[in-house]
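The values are calculated or read from the model by the stated rules, or taken from the named source; none is laboratory data. The shown structure was predicted, so the numbers you read here are calculated from the model rather than taken from an experiment. All Cβ positions, even for glycine, are placed from backbone atoms using ideal geometry, and neighbour counts span all protein chains on display.
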Amino acid sequence: MELTVKELAKQLKADLIGDGSGLIRSVGPVASADQTTLTFLANDKHLAELKKSRAGAVIIAKAVDGLSQPQLVVGNVNAALIEALKIFAPKLKPPAPGVDPTAKLGQRVKIGKGASVGASVVVDDGVEIGDDTIIAAGCKIGENTRIGLASRLDCNVVVYHNCIIGNNVVIQANSTIGSTGFGYAFIDGAHRLIPHNGIVVIEDFVEIAANCCVDRAKFGETRIGAGTKIDNLVHIAHNVIIGKCCLIAGQVGISGSCKLGDGVVLGGQVGLADNIELGDGVMVAGQSGVMANIQAGKRMLGSPAVEIKQAFRTFAATLRLPKLIEQLRQLSGRVDKLEAAKDNSKPDGD
């Protein structure tokens, strides 16, 4: 793909400042951009670096005096960047509609118009796959599962029985939906698995990245709300309810029966104990451990997680500990000397 700066500005609905005749072939960061690269400036933090950049053009929110590069001025830099990345994305061969000859379909399977079922896919009895949905090579879809319109399951995704997946859902390679949860009872000297007879419901526009596991409920459902985005290597346990438009970063673990409100953000490696409730808009910083319910709108950090201002004060105090310990050692030595002098000053026999 190759476009002039002027053509690109038109496609991005940007106001062009500067020469529009240069050719753009890619999108990239400021530091590594060359004269055929479109870059971007989301904030003024990288402005000095941009002035030294060799980029062929820059997406920017407001015009900057003194820039040598043509400027594509837009109302929302991130939105324009997304469109630019789409324009210059690799042009891959789309999956062919229909069912690959190597796929195995059970009885009473319904496959919508324009849907694609790839090589070596196994679809069990009673499954429904909506229009324009893509089931990539090696996937396994369990009995009576329903998948909506225009969704995409990448290679080797496993969806167990009776699950419900909505419209425009993306599940990346090797993720598993609807596996049995981690629930055991110690009976007669052994751990016995508690049956998990519930389901998983994934609402519209959810995106689940690679190598994630979403466990089915013991009873009822595990549910992921519309618009939620989940990073790689996340585990969501049985009966978890996640609200709409949440962001969950890599290696998060959410224990059984937790409830997350709308717009919750969990940083990487956050862990939630079981039965925790997080209110709408809660944000938990990476590597935090949540041991108690959190009210809506709170910002949390640490293990156990506390409000972020308190956590910063605790961390600041921790950094002062070596100095405080040394001061305590010196004070202790001075006290010992004073006590020894006091004892030596006493007459014999006192």
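Filtering 120, 175, 151 for residues that are in the same structural domain as residue 240 (by TED's automatic domain parsing) and closer than 16 Å to residue 237 by Cβ leaves a single hit, 175. Test each condition in (1) under 13 Å from residue 84 (Cβ atoms); (2) at pLDDT 95 or above for residue 1 and report the one that comes out false. Only one criterion is unmet by residue 1, namely (2). The condition (being closer than 14 Å to residue 27 by Cβ and basic (Lys, Arg)) is satisfied by just one residue among 93, 86: 86. Residue check: residue 212 meets all listed conditions (1) out of contact with any strand residue (DSSP E or B) (no Cβ under 7 Å at 6 or more places or on another chain); (2) hydrophobic (A, V, I, L, M, F, W, C); (3) surrounded by 18 or more Cβ atoms within 10 Å (Cβ to Cβ) but one, namely (1).
Please determine whether any residue of the stretch 191-208 is surrounded by 17 or more Cβ atoms within 10 Å (Cβ to Cβ) and on the phi > 0 side of the Ramachandran plot. Checked the stretch 191-208: at least one residue is surrounded by 17 or more Cβ atoms within 10 Å (Cβ to Cβ) and on the phi > 0 side of the Ramachandran plot. The set of residues from the stretch 149-159 being of a type outside the set (Ser, Thr, Tyr), over 16 Å from residue 126 (Cβ atoms) and touching a strand residue (DSSP E or B) at 6+ places or on another chain (Cβ under 9 Å) comprises 150, 152, 153, 154, 156, 157, 158. Looking at the stretch 144-171, which of the residues that are of a type in the set (S, T, N, Q) and buried (at least 20 other Cβ atoms within 10 Å of the Cβ) is farthest from residue 107 (Cα to Cα)? By that ranking, first place goes to 151.
Grab the helices (runs of 4 or more DSSP H) fully contained in the stretch 1-97, keeping just those with 1 or more residues being out of contact with any Cys (no Cβ under 8 Å at 6 or more places or on another chain) and closer than 30 Å to residue 131 by Cβ. Quick ask: steps written out before the conclusion?
On the way: elements: 5-11, 47-52, 77-87.
Hits in the stretch 1-97: 5-11, 77-87.
From the list 217, 209, 226, the one residue that fits, being in contact (Cβ under 8 Å) with a residue 60 or more places away in the chain, within 23 Å of residue 151 (Cβ to Cβ) and assigned by TED's automatic domain parsing to the domain that holds residue 167, is 226.
Yes or no, residue by residue, for (1) out of contact with any strand residue (DSSP E or B) (no Cβ under 6 Å at 6 or more places or on another chain); (2) surrounded by 11 or more Cβ atoms within 10 Å (Cβ to Cβ); (3) of a type in the set (Phe, Trp, Tyr); (4) free of Cβ contacts under 8 Å to residues at least 40 places away in the same chain:
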{"position": "231", "(1), (2), (3), (4)": "yes, yes, no, yes"}
{"position": "283", "(1), (2), (3), (4)": "no, yes, no, yes"}
{"position": "286", "(1), (2), (3), (4)": "yes, yes, no, yes"}
{"position": "296", "(1), (2), (3), (4)": "yes, yes, no, yes"}
{"position": "321", "(1), (2), (3), (4)": "yes, no, no, yes"}
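The set of residues in the stretch 176-190 that are at negative phi and in contact with a strand residue (DSSP E or B) (Cβ under 6 Å, 6 or more places away or on another chain) comprises 176, 177, 179, 181, 184, 185.
Which of the residues that make up the stretch 168-183 are under 14 Å from residue 133 (Cβ atoms) and assigned to a loop (DSSP other than H, G, I, E, B)? 168, 169 - these are the residues of the stretch 168-183 that are under 14 Å from residue 133 (Cβ atoms) and assigned to a loop (DSSP other than H, G, I, E, B).
Of all residues in the stretch 201-246, those satisfying the criterion of being over 24 Å from residue 130 (Cα atoms) and of a type in the set (D, E, K, R) are 218, 231. Among all residues of the stretch 118-129, there is none that is without any contact (Cβ under 8 Å) to a residue 24 or more places away in the chain and under 23 Å from residue 2 (Cβ atoms).
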